[in-house]
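Every number here is computed from the coordinates shown, using simple stated rules; none is lab data. These figures come from a predicted structure and were not determined experimentally. In this analysis, Cβ positions are derived from the backbone assuming ideal geometry, glycine residues included, and neighbour counts consider all displayed protein chains.
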Amino acid sequence: MTTRLGILRDSEQKMPDVTFTVDGKKLTAPAGTLLIDACRKAGIEIPAFCYYPGLSLQAACRMCVVRQEKVPKLQTACTTMVAEGQSFITESEEIAAARKGTIELLLGNHPLDCPVCDAGGECELQDMNFKYGAGESLYTEAKRHRDEQQWSPAVFYDRPRCILCYRCTRICGEGMDVWALGIENRNASSVIAPNLGNRLDCEQCGMCIDICPVGALTSGAYRYKTRPWEMNHVSTVCTHCGDGCKVTLGIRTSTEGAEIIRGDNRDKSGINNDFLCAKGRFGFDFVDHPDRLTKPLVRNSAGTLEPATWEHALRIAATKLKEIRDTRSGAAIGVIGSNRTTNEENYLLQKFARTVLGTNNIDHERTTDYAAFARALAGHPGKTATLREIGRAPAILLIGGDPTNEHPLLAWQIRTNVRLNRARLYIANSKPIKLDRQAKATQEIPAGGYKNLAEFLDSGQSDFSKAVLAEESLIVIFGEEFRSAAVDELVAWGLKRGNIRFAYLGDHSNSRGAADMGLFPDLLPGYVPVTAPGAFAEYPNLPSTHGRTLPQMFEAAANGELGALFVVGANPISRLELDPEALRDTLVIVQDLFLTETAALADVVLPAASLYEKSGTVTNSFGDVQLARKAADRPGVRPDFEILVRLAGAMGVDVKTLVPFAHGSVTGDLGQSRGAQAGEADRHSVWLEANGLEPKLSPFDSLALLDEIQRLVPGYAPSESFDRFSLFAGNDVPSELGNSPGFVPISTLRGPDLIAPNHDGLFTSATLGRYCRGLTELEQHQETVKEAVAAAD
Amino acid sequence: MKPGVASIFSPTLAARFDVLVEKYPVKRSALIPMLLYAQDEAGYLSEAVIAEIARRLSLTELEVRNVASYYSMLRFKPAGRYNIQVCTNICCMLKGAYDVLDRFREELHIDPNGTTPDGLFSLEEVECIGACCWGPAIQVNYDFHDEIKPDHVPGIVGGYRGKAQAEGKK
Ligand code: SF4
Ligand code: SF4
Ligand code: SF4
Ligand code: FES
Ligand code: FES
């Protein structure tokens, strides 16, 4: 079976090349390629409404008609497969007339509301109309009007604008495997219909809105807010789950700074191509939530938090931290880092903790056991799978987890791979999951039975294990059901078999980065043990004994052993249900976006920028590193990086020892080496990058630390694949977990109970999710329709 | 259909569906005949009918509605016991179909797409029913009547009324 399908795929890929002529040009493509694709590849654009790469063929719109030699009628380029010797014309008077006629029909009932339509300016129908000029019509009949409908808080439908291309129904069915949209009635009376008659019961991903070539499907979050050309578009990385979708944020200047109006990924770059789930698409409204902190808060003598200036707040925090460090030693200070801040910020935080505060008491809210994963893979590079590789692997074994809800992009990659490449998916899980529908075989596992899985597979007793063992090359994706020793065993099994690569699922946008950057009491960045002789020798005063884990810090606080707790972008009080009383006698400093349960206990609260308001790199669950770019702007808040640098400065530290910038450790070059051409900023930056230089003139330029990360963190070392140019161009580059040091001792600081996955679903995102009003509305909508469906049954 | 789930159809029709579902290489091929038979028995495609057909064919209700709504002979609202369909397409129209239609209106006191209060008759204006040579033509449920003059209308209506009474007495 394996080989049969394998050969099929291979032979499909290796169809012999054929040569054919398009508009007088000789083109070559593998036989069977769709003409429209072959043309697009050669830079010949054929208009198309219904054709969409990766979806089934519809041939409904007739825009792509071309003239094929010796064929009596015009042919649709979206369904014509190229063969040797064919000849085509793609633009002629005859073709233009046919396309114009098609548009005229489409416009028969189409309203002329481009000036108010959301799609105006980026509408495919509008573009085609300009090109073929069907500005007048032979129709004199009144246009048929229908009122717009709201199907959910996210999805609105305007029938008069719909051109019945079926893109939405196909993306929802084939792409999302939700099948919530259909088409009712016939010809001019046809309408797109949601599954509950007038409401949608679905995953609310908004893919249908995004893919609609016109303004028929519009988004509750964006409709009538602006015009596409009034926005700047910034590509960055989604701040929610651990998959790390690239998201293009539409930004408009506002009285406040720059506000985010829209999220999509229409440029189709990035791992996710055009995929985004509801969180990536609609979950950006937390940035202007009224509860957002925009001023530092300091607890006054009456015991209440009151607004303060940055100078004052930083001075208080710095003085107190210094005092505690100097009088009680660094061991009396604890530091908790974040799952959502950038790699540079996480790296800086641990460096600050270790070299300025002098403590290894640093941890984060661990959502999965990356430390165990790194230990298991140590010395075995090339054994992890990137998310792109998962999208084209011939076979995948998914153990545990619930990708559809917790890792929507991963689920999308797997579904797409199964649909388009006939990948074989095997699922072992203790409960049924939605991806079972794509699986070639499933195996139910008793809830506690994951640890025996390797043994079960090796036994080759069941059809399931036989099929899995017969795979020539396999990617094994496993969830947080595996922790510490279980991870070792599973990975050891895979390493022994040799043909297996792994991916391990964690929760948030930079949970992996937090682990990689050493937010551990016993591990430095790159999982280097703090006890390893000579580790990070350039760090001054690096304490070489283990620090305290997060729960141990709270214990120490309760026993009066912790003078200060410094929390960056984390909410352990609510998340780990820790007793606030423990912190009664501890100085608490919190950097966050909101006054969380943890921030509410603090003595000093510093308002931080979100991932959408700063730049830096983040690493997804699969080790893909991407560049997050500053999109929005809010007065009052500062990136965590800047806050840390300022805090260190206020403590009297020479910040150059923390962040290399300007003259000194690294040379800043503003163009003086470019002589006469120094003024050309763009070319200049290209030149700098080509020469391995970057202007690092500010201690707040977080990328100044990327050099140091690449130098000291083995998995992030510069290499052919970890290419800075590519990273800065907006691509995902793989880090290498197997480069972590060969010997990582098992430490008591790691145990299964230190891991607390959040199991966020499609509309939740830990503490941050509470402030995403759009997501809350979607969740409520889904609850209401689910109740209605249940009541009807 | 899953055993234990009660069918809303008569035992005969349910049994017929059980067979029909197995008859084609793909289950969904049975959809259109099932919709027609179900409408004949239930009078129209109610929510319950759609739900059961979807269940029997492992389709979503949305898919069933998508197909059903394509065909004008499938109804989502109840019709009269005798559904009178008057062709007003070109041949019949030239031969006086609108006079026939008007006569039905007067006789039944309803407009097209209406149903008489006793639920006995409903009236519909339809496109060509394939009896062009003998127009004007009408179809009452599955019966054809052709070369109709307005004066025939009371007789036709009376005939069905009598039929209903006779069946009612039995
Ligand atoms: S929002 Fe997503 S799941 Fe819902 S109808 Fe649109 S494509 Fe389908
Ligand atoms: S709603 Fe948009 S995507 Fe869907 S059929 Fe209409 S035009 Fe196409
Ligand atoms: S799948 Fe994850 S990373 Fe992608 S948009 Fe959704 S929450 Fe964001
Ligand atoms: S793109 Fe070919 S018919 Fe629509
Ligand atoms: S036109 Fe009336 S039956 Fe054909």
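By the rule of a C-alpha distance below 21 Å, with chain neighbours fewer than 8 residues away ignored, the lysines paired with B:LYS23 are B:LYS2.
With each run of n ≥ 4 DSSP H residues scored as -39500 (n - 2.57), what mean residue ellipticity at 222 nm is computed for chain A after dividing by its residue count and rounding to the nearest 500 deg cm²/dmol? It would help to have the intermediate numbers written out before the result.
Working: 25 runs with 220 residues, N = 793.
So the calculated ellipticity at 222 nm is -8000 deg cm²/dmol.
In plain terms, if you count all Cα to Cα distances in the stretch B:11-70 and split them into 5 Å steps from zero, the share in each step is 4, 20, 35, 27, 12, 2 percent. Peptide B:66-74 has a mean of 4 when you count, residue by residue, the C-beta atoms of other protein chains within 10 Å of its C-beta. Spatially, the stretch B:115-138 and the stretch A:534-563 are offset by 88 Å when compared through their Cα centroids. Across the stretch A:615-620, computed HN-Hα scalar couplings (Karplus, 6.51 cos²θ - 1.76 cosθ + 1.60, θ = phi - 60°) run 10, x, 9, 10, 10, 7 Hz from first to last residue, x flagging Gly and Pro.
If you restrict to DSSP beta bridges whose two residues both lie in the stretch A:516-674, what percentage is antiparallel, to the nearest 5? Can you show the working numbers first?
Numbers: 6 of 16 bridges.
In the stretch A:516-674, DSSP labels about 40 percent of beta bridges as antiparallel.
Put simply, the stretch B:4-133 fits an ellipsoid with semi-axes of 33, 17, 12 Å; these come from the alpha carbon gyration tensor as the roots of five times its eigenvalues, largest first.
Taking every residue in A:183-189, how many Cβ atoms of other protein chains lie within 10 Å of its Cβ, on average? Before the final figure, lay out the partial values.
Working: counts 6, 7, 6, 4, 1, 0, 3.
Neighbouring Cβ atoms belonging to other protein chains average 4 per residue here.
Taking GluC sites (Glu not before Pro) across the stretch A:421-475, the ones in a DSSP loop with at most 11 further Cβ atoms lying within 10 angstrom of their Cβ are A:GLU472. Once backbone amide H atoms are built at 1.01 Å from N, A:LEU524 has A:VAL530 as its partners under 5 Å, excluding neighbours fewer than 5 places away on the same chain.
Phi angles of the stretch B:141-154 translate, via the Karplus equation with coefficients 6.51, -1.76, 1.60 and θ = phi - 60°, into HN-Hα couplings of 6, 9, 8, 9, 10, 10, 6, 8, 10, x, 5, 6, 4, x Hz per residue; Gly and Pro are given as x.
Once backbone amide H atoms are built at 1.01 Å from N, A:ALA503 has A:ALA385, A:VAL476, A:ILE477, A:PHE478 as its partners under 5 Å, excluding neighbours fewer than 5 places away on the same chain.
Here chain A is treated with +1 on each Lys and Arg Cβ and -1 on each Asp and Glu Cβ, and its dipole about the Cα centre works out to around 1220 debye. Treating each Cα of the stretch A:199-318 as an identical point scatterer and summing with the Debye formula, the log10 of I(q)/I(0) at q = 0.11, 0.12, 0.22, 0.23 Å⁻¹ comes to -0.51, -0.58, -1.27, -1.36.
Write down Rg/Rh for the stretch A:2-106, rounded to two decimals, with Rg from the C-alpha atoms and Rh from the Kirkwood relation over Cα pairs.
On the way: Rg = 14.9 Å, Rh = 14.6 Å.
Taking Rh as the inverse mean 1/r over Cα pairs, Rg/Rh reads 1.02.
Note on chain B: GNM, Cα springs under 10 Å; of B:LEU94, B:LEU74, B:LEU36, the largest mean-square fluctuation is that of B:LEU94. Cross-link partners of A:LYS25 among aspartates and glutamates, defined as those whose alpha carbon lies under 18 angstrom from its own and excluding same-chain residues fewer than eight positions apart: A:ASP17, A:ASP37, A:GLU45, A:GLU69, A:GLU84, A:GLU91. Among the GluC sites (Glu not before Pro) in the stretch A:148-231, those placed in a DSSP loop whose Cβ has at most 16 other Cβ atoms within 10 Å are A:GLU148. Here the translational diffusion coefficient of the stretch A:207-271 follows from Stokes-Einstein with Rh set to the Kirkwood radius across Cα pairs; for 10 °C and 1.306 mPa s it amounts to 124 µm²/s.
Counting only Cα atoms, the size of the stretch A:456-514 along its three principal axes is 39, 21, 19 Å, in decreasing order. For A:ALA628, the residues 5 or more places off, or on other chains, whose built amide H falls under 5 Å of its own are A:GLY616, A:THR617, A:VAL618.
For the peptides A:757-768, A:60-71, the ranking by packing is A:757-768, A:60-71, with the highest mean count of neighbouring Cβ atoms within 10 Å listed first.
With the convex hull drawn around the C-alpha atoms of the stretch B:82-168, the volume per residue stands at 77 Å³.
Measure nothing fancy, just the Cα-based angle from helix B:97-108's long axis to the longest principal axis of chain B, in degrees from 0 to 90, nearest 10. The answer is roughly 80 degrees. Calculate the translational D of the stretch A:273-425 in whole µm² s⁻¹ from Stokes-Einstein, where the hydrodynamic radius comes from the Kirkwood formula applied to all Cα pairs, the temperature is 10 °C and the viscosity 1.306 mPa s. The estimated diffusion coefficient comes to 78 µm²/s. Across all directions, the shadow cast by the convex hull of the protein assembly as shown built on its C-alpha atoms averages 49.6 square nanometres.
So which chymotrypsin sites (Phe, Trp or Tyr not before Pro) in the stretch A:218-266 pass both tests, a DSSP loop state and at most 12 other Cβ atoms within 10 Å of the Cβ? Intermediate results must be reported in sequence, preceding the final value.
Values: sites: A:TYR222, A:TYR224, A:TRP229; in loops: A:TYR222, A:TYR224.
Counting only loop positions with at most 12 other Cβ atoms within 10 Å, the chymotrypsin sites (Phe, Trp or Tyr not before Pro) in the stretch A:218-266 are A:TYR224.
Whole-Hz Karplus values for the stretch A:276-291 come out as 8, 8, 4, 5, x, 7, 10, x, 10, 6, 4, 4, 10, 5, x, 7 Hz, taken residue by residue from phi with 6.51 cos²θ - 1.76 cosθ + 1.60 and θ = phi - 60°; glycine and proline positions read x. Its Cα centre serving as origin, the stretch B:11-70 has a Cβ charge dipole (Lys and Arg +1, Asp and Glu -1) of approximately 200 debye.
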